[in-house]
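Peer 1: Here it is, the structure in full.
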Amino acid sequence: MAERNEPLAQIKTRRNSALQALVAGVPFIGWLGISFDRRGNELTAVLPFDDKLIGNPLLPALHGGATAAFLEITAIIELSWTSSWADLEAGRLAPDPADPRSMPRLPKTVDFTVDYLRSGLPRDAYARARVVRAGRRYSSVQVEAWQDDRSRPFAQATGHFVMPQDG
């Protein structure tokens, strides 16, 4: 029975290492405290509440810049994860969380439009992104963030990205 589970354990380890390597490539992710919950190839970004994220202490509400950064980071990591998935599953990537250079370079943002739908409350936030178009040179991603109820997002965004070229 252990022999049957070993390949599964290796696959999970490779996937988790790849995600850790992607996240390690962006120090700002660590500063914000963002983490990613992985279920198969689906990612959910988690922004744990921290007082430093409050923009308006009278409400209190999350800062718009922290919200926008959370959405953009979610979009970039999802796009990188999606574009690397085939190589990762085929074993052509050797991710090393200690060396972010073991993963492909991250896409570059062309534009990013945020719709603030309501105030972000002083609590944990979650986000998921969906790749709308994945090309070799250009990609488009939609992302939405919610807090207590996924059907009531507090912000959503659309981003366009230039994909890194090999070589």
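Peer 1: Considering only segment 46-69, I want to know if a residue exists there that is modelled with pLDDT under 85 and crowded, with 17+ Cβ neighbours inside 10 Å.
Peer 2: no
Peer 1: Among the residues of segment 109-124, which ones are part of a strand (DSSP E or B) and touching a Phe, Trp or Tyr at 6+ places or on another chain (Cβ under 8 Å)?
Peer 2: 109, 110, 116
Peer 1: What number of residues in segment 55-68 are under 21 Å from residue 113 (Cα atoms) and in contact (Cβ under 8 Å) with a residue 60 or more places away in the chain?
Peer 2: 4
Peer 1: For residues that are small (Gly, Ala, Ser) and crowded, with 17+ Cβ neighbours inside 10 Å, scanning just segment 76-101, find the one that is modelled with the lowest pLDDT.
Peer 2: The selected residue is 84.
Peer 1: Out of 130, 105, I need the residue that is within 17 Å of the chain's Cα centre (by Cα) and part of a loop (DSSP other than H, G, I, E, B). Which one?
Peer 2: Only one candidate passes the filter, namely 105.
Peer 1: Can you run down the residue pairs with Cβ atoms below 7 Å, 6 or more apart or on separate chains, where the first is in segment 125-146 and under 24 Å from residue 165 (Cα atoms) and the partner is aromatic (Phe, Trp, Tyr)?
Peer 2: Within 7 Å, the pairs are 139/161; 141/161.
Peer 1: Just to be sure I understand, how many residues within segment 28-37 are outside any helix (DSSP H, G or I) and more than 10 Å from the chain's Cα centre (by Cα)?
Peer 2: The qualifying residues number 1.
The values are calculated or read from the model by the stated rules, or taken from the named source; none is laboratory data. Keep in mind that this is a model prediction, so the values were computed, not measured. Heads up, the Cβs are rebuilt from the backbone with ideal geometry, glycines too, and the neighbour counts pull from every protein chain shown.
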